[in-house]
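Structure, as structure tokens:
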Amino acid sequence: MNSMLIIGAGEAGVRAAITLRELDSNVPITIVETEKGDPYERPPLSKTGLTDALFEPKSIVTKAQLAEKHIQFITGVFVASIDAQAKQVTLSNHKKLMFGKLLIATGASARTLSFANTSEEDLEHFVFTLRTASDCQRIRSKVLAGQKVVLIGAGFIGLELAASLRAQQIKVTVLETQPRILQRAVPEAVARILHKAHHQNGTEIKLNSSIENVTFDHQAHIKLTSGKQIEADWLVVGIGSIPNVNLAQQAGLAIENGIKVDTHMQTSHKDIYAAGDVCSFPYALTQQRVRLESWRCAQEQAAIAAQNMLGNNTVYDLAPWFWSDQYDLGLQMVGLPEGAAHPVTRTLGTSSCLHFEVNDENQLLSACGIGVGNQIAKDIKLSERLINQRKTVSIEKLADPSFKLKDLLKK
Amino acid sequence: MSNWIEVCPLDDIDEEDVMPFNHSEQTFAIYRCPKGEVFATSGLCTHERIHLADGLVMDDIIECPKHNGRFNYKSGKALGAPVCEHLKTFPTKVENDVIYLELQNL
């Protein structure tokens, strides 16, 4: 029995199914997904999802296309348990499915705050998170020009939402406990440009701000530990995500900040793989174990998992890539700065820069850039190649805007 | 009936690079391959309609600046997820170091 079973139809699950079919025209493939409807792309949900009046989630693939590829797509049910020994899962409708190989691509859930003494009704009315198309729909239905909204957390979700809601003439305050925005995610030079753009667009960002408590009547009243109080018509919590590891944990798989996989995307059980936001993996360049939430990583990891589920021996060794759009600025980053010894900033103007991290062997580890539109896209793509090809670079040349990164690649 | 449109001097585009060109409400991407020959495609990625001219040209491939959709700009062929729809290509010529693009009259 060599059937392929995939739990979750996000970027990872769908990409795995399509790759499996491309590589093997006969193997039975089944995807089980809790959400109904076509699999859809999540990145627009915090961007055009909130600014475009006619927005519809963009499908990754339609049900009809999956059917054409003979990929069985079961929706509206969830996997209740995995029996790793018997190689069988039980669905919420009590049906059982056998598998030869299993891919867990259950993604992550939005982390939220615990609101003490708050009714379900108030939570429903005032408090939002953003992860799914229905979360996006809930927020869309709430949006009214002139409202005051508080966004908790100056991470990517909070900041993208801020930009989108400003475009809807909403008064936005972002609360962040750290001393700057995107503290763990991007270098300071990039964060500074982005912070300025938020300021210029009228978003108020309060740093070093922790919440004491939140109470609700006709509004939300957010009391900060500083004593200051802020009123909001509603609020969105964007403080990171929690990998959906319950099924894997119950099945006895190793967990370490996500389902623990090796460079083959294989879990601690040889017939079970994981990919995307739900897994932690050893980053090939540094062996550091990381869990990433990245649209492209999810696809790349899924493609590797699919190859290995069919008996190949392929490792995931690519530099992760990520992007964000806020106002007219585009931010992109590639690689991970672990092991950085030499920070290098290339200034490209008042609202654009590239920041590189280089190790002691003069290898480029990561690059993060920001600029209007896709201004820095080419250089990030070139950086990606420099990182993946383990090229050594000159720090002076990286810092010099007149030097073409392409020439480093060709040397 | 065909119709040659003047684009720009050849020297305006580096070898192995791309430039945007707009004409009568259409946007195009004009490429010079590493050997210097000139090619043209429709200007927007078939995935999310991003301007390809901000992307990276390596050999015969243009990579979309946003989501890494890859196309062979000589044939227009989409080279895999997230792009599946090919790019339209257009004939080009270089005369007296000026690039021209051929559009079909409707």
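FYI, it's all coordinate maths here, none of it is from the lab. Computed from a predicted model, the values in this text were never measured in an experiment. Virtual Cβ from ideal backbone geometry, glycine too; neighbours counted across all protein chains shown.
Structure above, values below:
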item: Least to most buried among A:ARG166, A:ARG180 (fewest other Cβ within 10 Å first); result: A:ARG180, A:ARG166
item: From the C-alpha gyration tensor of the range B:2-104, square roots of 5λ in Å; result: 21, 15, 11
item: Tail fraction, Cα-Cα pairs, the range A:328-410, threshold 16 Å, whole percent; result: 44
item: Extension gain from A:ASN117 to A:GLN147, taking 0.36 nm per residue of separation minus the Cα-Cα distance; result: 8.3 nm
item: Distant-in-sequence amide H partners of A:SER366 (H built 1.01 Å from N, under 5 Å); result: A:GLU357
item: Estimated FRET transfer efficiency (A:THR177, A:ALA64; beta-carbon r; R0 51 Å; 0.05); result: 0.65
item: DSSP bridge orientation in the range A:171-249 - percent antiparallel, rounded to nearest 5; result: 75
item: Volume per residue of the C-alpha convex hull in the range A:271-352, rounded to whole Å³; result: 108
item: Rg and Dmax of the range A:112-237, Cα atoms only, in Å; result: 14.0, 42
item: Solvent-free Debye scattering, log10 I(q)/I(0), computed from the Cα coordinates of the range A:5-62 at q = 0.12, 0.19, 0.29 Å⁻¹; result: -0.35, -0.71, -1.18
item: Global geometry of chain A, whether rounded, prolate or oblate, following the gyration tensor of its Cα atoms and the 1.5 cut on a/c; result: oblate
item: Derived scalar couplings ³J(HN,Hα) [the range B:66-76; Karplus, 6.51 cos²θ - 1.76 cosθ + 1.60; whole Hz; x for Gly, Pro]; result: 9, 10, 6, x, 10, 10, 7, 6, 7, 9, x
item: Descending principal axes extents, the range A:249-401, alpha-carbon based, whole Å; result: 52, 37, 25
item: Order of B:GLU25, A:GLU231 - criterion: other Cβ atoms within 10 Å of each residue's Cβ, fewest first; result: B:GLU25, A:GLU231
item: FRET efficiency, A:ILE395 to A:HIS221 (Cβ-Cβ, R0 45 Å, nearest 0.05); result: 0.35
item: At most 13 other Cβ within 10 Å, DSSP loop - trypsin sites (Lys or Arg not before Pro), the range A:188-264; result: A:LYS228
item: Percent of beta bridges antiparallel (DSSP, chain A, rounded to nearest 5); result: 60
item: Most mobile listed residue (A:SER119, A:SER81, A:SER46) in chain A, GNM with C-alpha springs under 10 Å; result: A:SER119
item: Karplus (6.51, -1.76, 1.60) ³J(HN,Hα), θ = phi - 60°, over the range A:21-27, in Hz, Gly and Pro reported as x; result: 5, 4, 8, 8, 7, 10, 4
item: Separation of alpha-carbon centers, the range A:74-109 and the range A:194-212, rounded to whole Å; result: 43
item: Sequence of A:ASP407, A:ASP52 once ranked by neighbouring C-beta atoms within 10 Å, starting from the fewest; result: A:ASP407, A:ASP52
item: Free-standing Cys residues across the protein assembly as shown, given no other cysteine C-beta under 4.7 angstrom; result: A:CYS136, A:CYS279, A:CYS297, A:CYS353, A:CYS368, B:CYS8, B:CYS33, B:CYS84
item: In sequence order, calculated HN-Hα J values of the range B:43-49 (Karplus, 6.51, -1.76, 1.60; Hz; x Gly/Pro); result: x, 10, 4, 7, 8, 10, 6
